[in-house]
1. What residues qualify as long-range amide H neighbours of residue 254, i.e. H under 5 Å apart, gap of 5 or more or another chain, H built at 1.01 Å from N?
2. With the other protein chains left in place, how much accessible area per residue, in square angstrom, belongs to the chain at a 1.4 angstrom probe?
3. What does the extension gain come out to for residue 203 and residue 237, with contour length at 0.36 nm per residue minus their alpha carbon separation?
4. For the pair residue 281 and residue 337, what calculated FRET efficiency results from E = 1/(1 + (r/R0)^6), where r is the Cβ-Cβ distance and R0 = 25 Å, to the nearest 0.05?
5. For the chain, take the longest principal axis of its alpha carbons; what is the angle in degrees between that and the long axis of helix 59-95, to the nearest 10 within 0 to 90?
6. For the residue pair residue 111 and residue 38, what label-to-label distance in nm results when each label sits 7 Å from Cα along the Cα-to-beta-carbon direction?
7. What nm distance separates the two modelled labels at residue 138 and residue 162, each placed 7 Å from Cα along Cα→Cβ?
8. For residue 176, enumerate residues with amide H under 5 Å from its amide H, sequence gap 5+ or separate chain, H modeled in the peptide plane.
Amino acid sequence: MELQDLRGDLERLRERALAGVAGAADVAELEELDVAYLGKKGELTAVLRGIGRLPPDDRPRVGAIVNQVRSAIEAAFGARRAVLASSALEARLADEAVDVTTPGRRPPRGSLHPIVETAREISRIFGQFGFVDYEGPEIEDDVTNFQLLNMPPDHPARDLWDTLYVDIDGYLLRTHTSPGQIRVMRSEAPPIRALLPGRCFRYEAIDASHQTEFFQVEGLMIDEGTTMGDLRGLLDQFADAMFGRGKRTRFRPGYYPFTEPSVAYDVECVVCGGAGCPACSWTGWMTILGAGMVHPVVLRNGGLDPERYQGFAFGMGVERIANLRHSVNDLRYYLDNDLRFLEQFR
Ligand code: 2NL
């Protein structure tokens, strides 16, 4: 091969390579060209190999030209690579741009169940009078749920609670939170001001006003010289805070085996103000809770001397209070967990 021809070939090869590099649209195309020209089986490499067949005198000059061409092509590759890389980055930056002025999306917000919210409001009000929340177990033993509360086995007062039993002998689902109060009496020393919110269970045929589970909040106060007047004063403060100030209230005689005397506590109907309406069954009054002075037998069972200490206790159904607060007329809504109901309390 003539030196002149080889020079011309190299010249054209260089022009072709430079044009190809300049036209490469992306990095992948550029890498293909790199292999085609400069790779082990590339065109320029082939020319380089051919040098060996030239007369020895020509070899240095041709070698110098090949190297020139090679560096020119390599430089072009380098420059093009830089351009493509920076335009790829710019494209990505434009594509992933964030508009920081776009208003945020609100995450869905949960809220307290109306029963929990009502129980907490009850705790908050009594908390202002020094009552402290306690908890007891939902599975109780017969002794604590009944016997220590002045109901020996076969006592007729047990019929007031239709009880759900568990298949462990001597255990049941608590029918009220009172057994938790027995535990408080046994573990704390007077003065005691305890509040016991919690789920209770009864064997009931379910309808709008009966459920097999419901929430109760019970209060217990024990000190020297505690009277029924203290109970009435405290409950009137509670009614003021929960149902609005200045409502008339009254005690009616009641019966519980663990208090003596026992009362029902009524508040003037929050709907009609006492005139009589369907909400109060035309009586003008709404029964809010049951209460009484702790029976001396129960005080003794709680480890306290009834000659020295007296106390009162009260218990209320949280669903009933929530119904009054929110004008709900069917207990089943509280356990259905239908969001159309629950979302109204946000
Ligand atoms: C109701 C009435 C009441 C009590 C609960 C109680 C607890 C002890 C001693 C004495 Cl340890 N009494 N609790 C007293 C009176 C009434 O609940 O019908 N609640 C829904």
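The values are calculated or read from the model by the stated rules, or taken from the named source; none is laboratory data. Note that the coordinates shown come from a computational prediction; the quantities given were computed from them, not determined experimentally. Glycine gets a Cβ as well: all are built from the backbone with ideal geometry, and neighbour counts include every protein chain shown. Surface areas here come from the heavy atoms of the whole protein model, side chains and all, with no ligands, DNA or RNA. Shrake-Rupley method; radii C 1.70, N 1.55, O 1.52, S 1.80 Å.
1. Distant-sequence amide H within range of residue 254: 262, 263, 264.
2. On the way: 19480 Å² over 346 residues.
Value returned for the chain: 56 Å² of accessible area per residue.
3. Values: separation 34, 0.36 × 34 = 12.24 nm, distance 3.38 nm.
Gain in length upon complete extension: 8.9 nm.
4. So the FRET efficiency works out to roughly 0.25.
5. So the helix axis and the longest Cα principal axis differ by about 20 degrees.
6. The answer from the label model is 6.8 nm.
7. Each label point lies 7 Å from its Cα, and together they span 2.0 nm.
8. Distant-sequence amide H within range of residue 176: 201.
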